[in-house]
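Here the structure is laid out as structure tokens; the discussion comes afterwards.
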2 protein chains.
Amino acid sequence: MSGYAPSEAARRSGFSLDTLRYYEKIGLLADVDRTPGGQRVFTDDDLGWLVLFRCLRDTGMPIAQMRRYAQLAREGEHTVDERRELLGHHAARVEEQMRLLQRQYDHLREKIRFYERLPAADPGLEAGHGT
Amino acid sequence: MSGYAPSEAARRSGFSLDTLRYYEKIGLLADVDRTPGGQRVFTDDDLGWLVLFRCLRDTGMPIAQMRRYAQLAREGEHTVDERRELLGHHAARVEEQMRLLQRQYDHLREKIRFYERLPAADPGLEAGHGT
DNA sequence: CTCCAACCTGGAGCGCGCTCCAGGTCAAGC
DNA sequence: GCTTGACCTGGAGCGCGCTCCAGGTTGGAG
């Protein structure tokens, strides 16, 4: 149920092996278990963290902030408020990001609609900036 | 109506002066007008391009692809199909990007809801991976 | 005519998030 | 016991998209 080889953890998390090692090196993942010989063994808990990191990364959180979150979580219960605030602020930024993306997507779609009306079009419609 | 100093173009486009020069250097903006003394003068058409570049950039298009688009547009009418296709493919990627962002945002919100139920909570609810 | 802020060029440097490499170790299957 | 593929470490390198710098020029205001 628990105890995954590095390659298995990579497969399950979708991060590369190098990225997993990198995340440990910079302190995102801490205290990863080892075999007596020194090879990593990832737990379900580690995989849970990786799911979270993927979520935060995909929503554009810089690694420094993920590190801060992870450190707070390791410090224990008394950092709960700060963690909630950190995630809350991030969520607000993501909302803004989504609005911007939607707006620019609409622009893009409009531009494409312009092209789609062209085939039957009069030359002379060229509306600047590359049509 | 037309003919903006660099600083004015920067203000209007939201790109820095350095970025404007960089975009010209790499061939995104081509044939920017100059004063006899060599200083740039941006036209409304240039600003139109910059609006487009901002749209593409904000939606995650790599610069190399913007360059390709701009070059096609400069080559004339016969590249219209390819340009439409390029934008269409990009739009599809953007849609995927929006879906992912939404999904991860939902995850994030769920995590935050967990924190918001904590204040009145029993200790012992700590659900791993940093709560 | 003088001043000075805005502009020019070529090229180096940076911040981010990995990714790759060399040279060595570990461990499961035969 | 041997082989071999997965794994280890430390550190260098990379791709992207700018950003900054030095050292010099321009051009409008007074």
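The values are calculated or read from the model by the stated rules, or taken from the named source; none is laboratory data. What you are looking at is a predicted structure, and each value in this text was computed from that prediction instead of being measured. Don't worry about glycine lacking a Cβ; one is built from the backbone with ideal geometry, like all the others, and counts go over all protein chains shown.
The residues in region A:59-83 that are within 15 Å of DNA strand C (Cβ to nearest atom) and within 23 Å of A:E96 (Cα to Cα) can be counted, and the count is 11. Residues in region B:35-72 that are among the small types (G, A, S) and at the interface with chain A (Cβ under 8 Å from one of its Cβ atoms): 2 in all. Looking only at residues in region A:15-46 that are part of a loop (DSSP other than H, G, I, E, B) and of a type in the set (S, T, Y), the one that is surrounded by the most Cβ atoms within 10 Å (Cβ to Cβ) is A:T43. Within region A:12-34, residues that are farther than 14 Å from A:R54 by Cβ and at pLDDT 95 or above have Cβ atoms under 8 Å from residues that are of a type in the set (S, T, Y) and within 12 Å of DNA strand D (Cβ to nearest atom) in these pairs: A:L17/A:S7, counting only partners at least 6 apart in sequence or on another chain. The requirement of being surrounded by 13 or more Cβ atoms within 10 Å (Cβ to Cβ) and of a type in the set (K, R) is satisfied by B:R12. B:R74 satisfies every condition listed in (1) outside any helix (DSSP H, G or I); (2) of a type in the set (D, E, K, R); (3) on the phi < 0 side of the Ramachandran plot except (1). Out of A:L52, A:L56, A:L47, report the one residue that is touching a Lys or Arg at 6+ places or on another chain (Cβ under 8 Å), within 26 Å of B:R99 (Cα to Cα) and either within 16 Å of DNA strand C (Cβ to nearest atom) or modelled with pLDDT under 95 (or both). Going through A:L52, A:L56, A:L47 in turn, the sole match is A:L52. One residue is enough: does region B:80-97 have a residue meeting the conditions surrounded by 17 or more Cβ atoms within 10 Å (Cβ to Cβ), assigned to a helix (DSSP H, G or I) and more than 8 Å from chain A (Cβ to nearest Cβ)? Yes.
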